[in-house]
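Presented below is the structure to which this report refers.
The values are calculated or read from the model by the stated rules, or taken from the named source; none is laboratory data. Since this is a predicted model, take the numbers as computed values, not measurements. A quick note on method: Cβ atoms are made from the backbone with ideal geometry, for glycine too, and the neighbour counts reach across all protein chains shown.
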């Protein structure tokens, strides 16, 4: 389990803290979607979760160990793909030879299989790749580490449409109950069908922290041309077909989650999300 306990953090030149007494529990076997507006602290949270930033108070722990201690066994059990990065100007074969030993469960066959899915091979030169190609290489390497946690910041940014499709297939293939995945993204359509748990942050706290199954049980996502029905929904947005709506679902009707609608609705009416998804004490 990865836990964030009463964590507070702020940057020196910013008046307000990014997080203040923020707590969250993440369990293996789930694919989490981390959503928030620009500047809400999504990347900051990922860096706090992986020990790259030090909180003013509280802590982030992996299997009960504070990640800020930077213990080798802890560092070897998660992998972070940041939104912006660079790769050294040498071959992927050399990169694997140098960095794979840091991850005891690294699987070379998994790496080759993942590269093949993107029509890539281990003999490519990292310095000659575009940013989208570098992103694909790092995703392949990260999946091959078989760490307990894979944490990705905007993983599909820079990928073309076929590559995004392959990315989704790879995550589905490589996912198992012993691994947890956190995906922070603005491109919700790229990962919408992968996620089974949604965390939405705003104003330094989580306005939603709920499994997709619970969300779809309590909220109906649909379309209507009826303005009165739209007005009575939790949230509605104009669409070419009238209105996209998220509404109460007392009959338990089946619907597919609309992440963009959910995100906008949660920010517009956080009190509704709190009422629906905060466990009773």
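Points to keep in mind about this one:
- Residue 98 vs. criteria surrounded by 15 or more Cβ atoms within 10 Å (Cβ to Cβ) and assigned by TED's automatic domain parsing to the domain that holds residue 144: no
- Test: residue in segment 76-90 that is assigned to a helix (DSSP H, G or I) and assigned by TED's automatic domain parsing to the domain that holds residue 48: no
- Pairs, first on the phi > 0 side of the Ramachandran plot in segment 10-32, second surrounded by fewer than 14 Cβ atoms within 10 Å (Cβ to Cβ), C-beta under 6 Å, six or more apart: 21/6; 29/177
- Residue that is at negative phi, crowded, with 17+ Cβ neighbours inside 10 Å and in contact with a helix residue (DSSP H, G or I) (Cβ under 6 Å, 6 or more places away or on another chain), where the choices are 212, 199, 188: 188
- Some residue of segment 243-250 being touching a helix residue (DSSP H, G or I) at 6+ places or on another chain (Cβ under 9 Å) and in contact (Cβ under 8 Å) with a residue 40 or more places away in the chain: no
- Failed criterion for residue 127 (all others in (1) modelled with pLDDT under 95; (2) in a helix (DSSP H, G or I); (3) under 22 Å from the mean Cα position of the chain (by Cα) hold): (3)
Residue by residue, here is whether (1) modelled with pLDDT of 95 or more; (2) in contact with a helix residue (DSSP H, G or I) (Cβ under 8 Å, 6 or more places away or on another chain); (3) outside the structural domain of residue 46 (by TED's automatic domain parsing) holds:
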| site | (1), (2), (3) |
| --- | --- |
| 102 | yes, yes, no |
| 111 | yes, yes, no |
| 121 | no, yes, no |
| 132 | no, yes, no |
| 157 | no, yes, no |
| 161 | no, no, no |
| 174 | no, yes, no |
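- When every residue of segment 177-197 is checked against the conditions, none turns out to be over 30 Å from residue 110 (Cα atoms) and in contact (Cβ under 8 Å) with a residue 12 or more places away in the chain.
- Any hit, segment 142-163, residues being within 14 Å of the chain's Cα centre (by Cα) and assigned to a helix (DSSP H, G or I): no
- Residues of segment 169-185 that are crowded, with 16+ Cβ neighbours inside 10 Å and part of a helix (DSSP H, G or I): 170, 171, 174.
- Check on residue 48, outside any strand (DSSP E or B), assigned by TED's automatic domain parsing to the domain that holds residue 74 and modelled with pLDDT of 95 or more: yes
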